[in-house]
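Below is one structure, written out as structure tokens, with a few remarks after it.
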Amino acid sequence: MENKLKQDLEVLIQQLARTFKYELCGLSMLTNKNPLTIQIFIKKDDYSDITIDDCAGFNEPVLNAIDNSKLLNCRYI
């Protein structure tokens, strides 16, 4: 179940990342944390540096996409 969920989240986030011209490099789900912690690793598709502003600008769309997907039925950060 956890692998399927992670794969579904990766697909969702990868599609969103493309619209920002980012590439998803990795996704970690820390299930031993309460709430669940999701770490997303991205890079720009032109390999230029990612800034904190890039990450901050991507955060809200990712949260909305995850919430709207209904993939998670628990609290997460």
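The values are calculated or read from the model by the stated rules, or taken from the named source; none is laboratory data. Source: prediction; values computed, not measured. Note: ideal-geometry Cβ built from the backbone for every residue, glycine included; neighbour counts use all protein chains shown. Surface accessibility is based on the protein's heavy atoms, side chains included, excluding ligands, DNA and RNA. Shrake-Rupley method; radii C 1.70, N 1.55, O 1.52, S 1.80 Å.
Just to be sure before I move on: is K21 over 13 Å from the mean Cα position of the chain (by Cα) and either open to solvent by less than 60 Å² (accessible area, probe 1.4 Å) or within 21 Å of K70 (Cβ to Cβ) (or both) in the structure I sent?
Working: over 13 Å from the mean Cα position of the chain (by Cα): yes; either open to solvent by less than 60 Å² (accessible area, probe 1.4 Å) or within 21 Å of K70 (Cβ to Cβ) (or both): no.
So K21 does not fit the description; no.
For the stretch 13-32, give me each residue that is assigned to a loop (DSSP other than H, G, I, E, B), touching a strand residue (DSSP E or B) at 6+ places or on another chain (Cβ under 9 Å) and not aromatic (F, W, Y). If you could, list the steps in order and put the result at the bottom.
Residues of the stretch 13-32 that are assigned to a loop (DSSP other than H, G, I, E, B), as a first pass: 20-21, 31-32.
Of the ones still in play, those that are also touching a strand residue (DSSP E or B) at 6+ places or on another chain (Cβ under 9 Å) are 20-21, 31.
The answer is K21, T31.
Could you tell me which residue of the stretch 24-33 is nearest to E10 (Cα to Cα), considering only residues that are open to solvent by 60 Å² or more (accessible area, probe 1.4 Å) and not polar (S, T, N, Q)? Before the answer, list the steps.
Quick first cut of the stretch 24-33, residues open to solvent by 60 Å² or more (accessible area, probe 1.4 Å) only: 25, 31-33.
Remaining after also requiring not polar (S, T, N, Q): 25, 33.
Numbers: C25: 10, K33: 20 Å.
Ranking the qualifying residues of the stretch 24-33, first place goes to C25.
Restricting the stretch 47-65 to residues that are of a type in the set (D, E) and in a helix (DSSP H, G or I) leaves a set whose member that is surrounded by the most Cβ atoms within 10 Å (Cβ to Cβ) is D54. Restricted to the stretch 34-46, and to residues there that are in contact with a strand residue (DSSP E or B) (Cβ under 9 Å, 6 or more places away or on another chain) and not in a strand (DSSP E or B), the residue that is least open to solvent (accessible area, probe 1.4 Å) is P35.
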